Amino acid sequence: MNYEPIIGIEVHVELGTASKMFCGCPADHFGKEPNTQTCPVCLGLPGALPVPNKKAVEWTILLGLALGCTINEESKFDRKHYFYPDLPKGYQISQYDQPLAIGGSLELSNNPIIQSSNNPIKKKIRIRRVHLEEDTGKLQHAVVDGQRVSLVDFNRSGVALVEIVTEPDFRSVEEVDLFTKKLQQIVRYLRISSADMEKGSMRIEPSISMRKVESRKSKVESGEYPNYRVEIKNINSFKFARKAIEYEIIRQTEMLVHGDTPTQQTRGYVEAKGVTVAQREKEEAHDYRYFPEPDIPPMRWESSQLSAISRQIGELPDAKMKRFITAYGLSAYDAGLLVETKERAEYFEQVIRQKSAVISLKTIANWIINKKVDIEKTSPAQLLEQIVESTVVSAITDSEMETIIKQVLLDNVKAAEDYKNGKAQALMFLVGQAMRLAKGKSTAEILKINIIETIKI
Amino acid sequence: MDIKELTIQSALEGFQKKKFTVVDVVRACLANIQKYNDDYHALLTVVDEKTLLCQAEKIDKTDYSLPLSGIPIVLKDLFTTTGLRTTAGSKVLEHYTPVYDATVVARLKAAGAIIIGKANQDAWGHGSSGENTDYIPAKNPYDPSRVPGGSSSGSAVAVALGMCLASTGTDTGSSVRGPAAFCNLVGLKPTYGRVSRYGIIAMASSFDTIGHITKTVYDNALMCEITAGKDAYDATTGDQQVPTYSQGLDGTLRGKTIGLPKEYFELKGMDPRVRDATQAAIKKMEDLGARVIEVSLPHTTVAMACYYILVPSEVSSNLARFDGVRFGCGRETFGLEAKRRVMIGTYALSSGYYDAYYQTAAKIRTLIKKDFDDVFTKVDAIVAPSSPTLPFTIGERSSDPVAMYLSDIFMCPVNISGVPAVNVPCGFVGDLPVGLQIIGPQFGEQNIYQIASVYEKATEWYKRTTPV
Amino acid sequence: MSDLLSPTEIEHIAALAHLIITTDHYELFASQLSSILVFISKLQEVPIIDVAPTSQVTGLVNVYREDVVDQARVLSQTQALSNAHQKHNGFFVVPAVFES
């Protein structure tokens, strides 16, 4: 009997807005002293009221549109009730039956960076919804005065969080890996979040069940999902996501093979042991008693507003990659690497615009990809200089250089004298003359150095 | 200067004309607190004398140009005040000292008012008599064997006994109008969203309104000018301009059409003496030029049911934040009435029941709101008693929550639809005050104030202060 | 529809609401909660097909705030912790919460 994994995922992305979702506290909480970025609203003090962050709403719609979703004409917030020390109001303001965006998809296709072209996965993953909610505070364990306690920090409470929920369309760990990396890339392209798994600004919660494969001959999906699923939490890297899912697949398969049905539950991934463990949970946990958030009026969108937001999406990674391949004659692999981040792609195109005809596209691509150029510190012009310098070093031989310098000094004795007597201008003149003789085989800098050295002698 | 007769209007005049000072008025208030609070339990917290006199002295050095210069007011204990204990009438918050001011508190302070203290109330706003306080219940100043009404019980008692010149309250189903009616005072329930709820401990978020209690309509209108208006911290406040309500109170009732809901007057269980006093008041309005017609609010019979599903649902949600971690005592400290409402609300929202209970009630709400909207196409105001009975004796209803809930029957439909209403005194039965409710369309405060003011000037019931 | 809620149901609702209802109060709560069933049956007599529920009476839509930091409202650590039952090194303290 064979089993195949049925996996759906929930991804949470912390938006990089300046302020929190429902109040004006700073949203950037990483590394801050505990409870120094709170206010009555995000601390859940009696009497406080939420007012939604316009940019957070717009960015959620932006993401929804980029993922091919339909934006609900009318949308609202709802209260989701449960008790936990990191949830100050005893409810989370989230979205229930009228989320901002529904029904999109993401094509996995070929990501040359993370999968070989031998067995490319080409699949469309359906996105059920994209909605907006607020983040909770943070809990950590400690021992205080001999007692085991939990310490709560509300700096993160109220930060804008987008939740992306997929249909259970994944059938392998690789597919999940491709999807999450692609989603991260898109989120970063849109510049709405740092989407950093390690820092917690992107979190993945896969839900896994195993289904009997009816027939090895038929590739048609039976359409029915298993009557249980296991949700995995506490994953903070792509690597751990893979390990957790792999572990779960084995664990569940073993149970099923023995005739047991895995329990519907939430499990946490334990990094140190590479396993998942059941989390204690009360049966009431899932009755969230949703009702429409009375403190926040509903949201309504007109198509003109949505069009305006849509125009802000810009060229997404897939389209950019395709264009790079055709416009620049690059390989899929190289194009894939160049468009990995929007910044790198833009940098590449800036360098291209500024380069001279002598330097090839391939060279530039090569440099950026292989020589780990720090695009933050090296300007396009500087990069071009470096490229030319290195190519030029091989383009001009030592004896050719000697000949050129000798010629220049011979032809311009007066200028050489002027320079020796301290006239800097004269040097520039000599360099100009040398450039003409060098015919592009060297740079001004290199020629200057050689002239100076020769004159010294 | 008799503080029990003094109004905001006459106080400001007195200050400006140097007849007496703010210090005089504050001292008089403190004297009444000293004299009456131990018996009538109007206030849970009183600001210390030194601080108050210091504030008063400062204001006496100004030219009293702020709209509420030196006016001593009491705040219902749901109003969050920086550095001043705020209990919501509950033991859960017995030691809670907020670190921020409610928007309304900030506005009142900015207008020059002096906060004298925090008023007793039914815990969390849950009640119509004042008996559900976790502290000692307040008493009716016209007859201490009777209730003063709730939930803003202490707020009404404090004004009636001259402990302040005005007080604030909240009205979610009757809680400003009820106590005002039982204590011979003017109490406003504004349009939902007219006054900011930021910093007011929430009872039912889509029903709570922020009102106030005064001796006269003019005073009430003046306070409304100051508290009303958009607040960036409360997304349910709209952009509507705030008229100078106090300047629009004159004239007659000629040209006004007043509607009497037949379902209200047909109610069994309305005290006939209340009906008589109400009808006398209506006759007076006709004498003053109003045209009176019968109207219908057909869903009156299901209003209580609708209210008692939706409000506890929102209550159960709003009380979820009280977990004893960041503030207050643990949830075991909740009183019985609070627990009851939380349980009802949790039940109504729970899985399997949400559609049949909460959603059904929410649809009925649409119909009740429509009843009012339709009637206001025909009339300028709706008039009815505030309470179907006279102030009842202490303990009479406290063991029968359904009877207690029914005392709001004329008032809670107003909260369901969100329109404004004001209670104005309309007579006495023996020593006991009767209150008339004037209900207006959404943002129709000016309208109902004007009608109330014309009636008040012709009848002057407010002049009959408490017998003590 | 006039059945009293059972103790199990009361227990379940109390657990959802994070309230402790002692067994001697079960009957009291059962009868009081059941009274709302009377209210419900009244509501269910009203025809409500095609009626949309009202969750807000203002009629407002699209109320937002701009994405700016509101420093005036940010509390200091001391203020944030000032009413806490128990605090430690800038954190709120609660009895240990066990995940598994």
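The values are calculated or read from the model by the stated rules, or taken from the named source; none is laboratory data. Only a predicted model underlies this, so the values are computations on that prediction, with no experimental measurement involved. Note that each Cβ is placed from the backbone with ideal geometry, even for glycine, and that neighbours are counted across all protein chains shown. To get the accessible areas, we keep the full protein, side chains included, count just its heavy atoms, and leave off ligands, DNA and RNA. Shrake-Rupley method; radii C 1.70, N 1.55, O 1.52, S 1.80 Å.
Assorted remarks:
- Of all residues in the range B:101-127, those satisfying the criterion of being among the small types (Gly, Ala, Ser) and closer than 30 Å to B:THR62 by Cα are B:ALA102, B:ALA106, B:ALA110, B:ALA111, B:GLY112, B:ALA113, B:GLY117, B:ALA119.
- Within the range B:220-240, the set of residues being more than 18 Å from B:LEU188 (Cβ to Cβ) and open to solvent by 50 Å² or more (accessible area, probe 1.4 Å) comprises B:LYS230, B:ALA232, B:TYR233, B:ASP239.
Conditions tested, residue by residue: (1) aliphatic (A, V, I, L, M); (2) under 20 Å from the mean Cα position of the chain (by Cα).
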position: B:THR377; (1), (2): no, no
position: B:SER417; (1), (2): no, yes
position: B:VAL429; (1), (2): yes, no
position: B:PHE443; (1), (2): no, yes
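- Restricting B:GLY259, B:GLY193 to residues that are in a loop (DSSP other than H, G, I, E, B), at pLDDT 95 or above and either within 21 Å of B:PRO425 (Cβ to Cβ) or not hydrophobic (A, V, I, L, M, F, W, C) (or both) narrows the list to B:GLY193.
- From the list C:VAL97, C:VAL69, the one residue that fits, being assigned to a loop (DSSP other than H, G, I, E, B), at the interface with chain A (Cβ under 7 Å from one of its Cβ atoms) and at pLDDT below 95, is C:VAL97.
- In the range C:30-54, the residues that are assigned to a loop (DSSP other than H, G, I, E, B), open to solvent by 50 Å² or more (accessible area, probe 1.4 Å) and within 7 Å of another protein chain (Cβ to nearest Cβ): C:GLN44, C:ALA52, C:PRO53
- Selection status of C:VAL57, more than 9 Å from chain A (Cβ to nearest Cβ), part of a loop (DSSP other than H, G, I, E, B) and open to solvent by less than 20 Å² (accessible area, probe 1.4 Å): yes
- Within the range B:320-350, the set of residues being outside any loop (DSSP other than H, G, I, E, B) and facing chain A (nearest Cβ under 8 Å) comprises B:ALA320, B:ARG321, B:THR346, B:LEU349.
- Leading residue by the ranking (nearest to C:GLU27 (Cα to Cα)) among those in the range B:326-338 that are among the hydrophobic types (A, V, I, L, M, F, W, C) and open to solvent by less than 20 Å² (accessible area, probe 1.4 Å): B:ALA338
- If the condition is being within 20 Å of the chain's Cα centre (by Cα), among the hydroxyl-bearing types (Ser, Thr, Tyr) and either in a strand (DSSP E or B) or modelled with pLDDT of 90 or more (or both), then the range A:103-156 contributes only A:SER105.
- Within the range A:157-184, the set of residues being in a strand (DSSP E or B) and surrounded by fewer than 21 Cβ atoms within 10 Å (Cβ to Cβ) comprises A:GLU163, A:VAL165.
- Members of the range A:43-65 that are more than 9 Å from chain C (Cβ to nearest Cβ) and open to solvent by less than 20 Å² (accessible area, probe 1.4 Å): A:GLY44, A:PRO46, A:GLY47, A:ALA48, A:LEU49, A:PRO50, A:THR60, A:ILE61, A:LEU62, A:LEU63, A:GLY64
Residue-by-condition table, conditions (1) crowded, with 23+ Cβ neighbours inside 10 Å; (2) over 22 Å from the mean Cα position of the chain (by Cα):
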| residue | (1), (2) |
| --- | --- |
| B:ASP38 | no, yes |
| B:HIS41 | no, no |
| B:GLU49 | no, yes |
| B:PRO67 | no, no |
| B:THR86 | yes, no |
| B:ALA119 | yes, no |
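- Qualifying residue in the range B:299-312 (condition: of a type in the set (Val, Ile, Thr) and either over 23 Å from B:ARG397 (Cα atoms) or not in a helix (DSSP H, G or I) (or both)): no
- Of all residues making up the range A:345-363, the number that are at pLDDT 90 or above and either open to solvent by less than 60 Å² (accessible area, probe 1.4 Å) or touching a helix residue (DSSP H, G or I) at 6+ places or on another chain (Cβ under 6 Å) (or both): 7
- Some residue of the range A:263-285 being of a type in the set (D, E, K, R), assigned by TED's automatic domain parsing to the domain that holds A:LYS377 and part of a loop (DSSP other than H, G, I, E, B): no
- Exactly one residue out of B:VAL195, B:VAL186, B:VAL217 is touching an Asp or Glu at 6+ places or on another chain (Cβ under 6 Å), closer than 24 Å to B:LEU66 by Cβ and open to solvent by less than 10 Å² (accessible area, probe 1.4 Å), and it is B:VAL217.
- Inter-residue pairs, beta-carbon under 6 Å, first within 16 Å of C:VAL97 (Cα to Cα) and in the range A:143-164, second of a type in the set (Lys, Arg), 6+ apart: A:ASP153/A:LYS138
- The range B:123-137 - residue that is part of a loop (DSSP other than H, G, I, E, B) and under 15 Å from the mean Cα position of the chain (by Cα) and, of those, surrounded by the fewest Cβ atoms within 10 Å (Cβ to Cβ): B:SER128
- Residues located in the range B:360-397, provided they are surrounded by fewer than 17 Cβ atoms within 10 Å (Cβ to Cβ) and within 14 Å of another protein chain (Cβ to nearest Cβ): B:LYS370, B:ASP373
- So B:LYS283, is it of a type in the set (D, E, K, R) and part of a loop (DSSP other than H, G, I, E, B): no
- When the range B:436-468 is filtered for residues that are over 23 Å from B:PRO148 (Cα atoms) and of a type in the set (A, V, I, L, M, F, W, C), the ones remaining, listed by number, are B:PHE443, B:ILE448, B:ILE451, B:VAL454, B:ALA458.
- B:LEU436 satisfies every condition listed in (1) more than 22 Å from B:LEU260 (Cα to Cα); (2) buried (at least 24 other Cβ atoms within 10 Å of the Cβ) except (1).
- Of all residues in the range C:77-94 being in a loop (DSSP other than H, G, I, E, B) and more than 7 Å from chain A (Cβ to nearest Cβ), the one that is surrounded by the fewest Cβ atoms within 10 Å (Cβ to Cβ): C:ASN89
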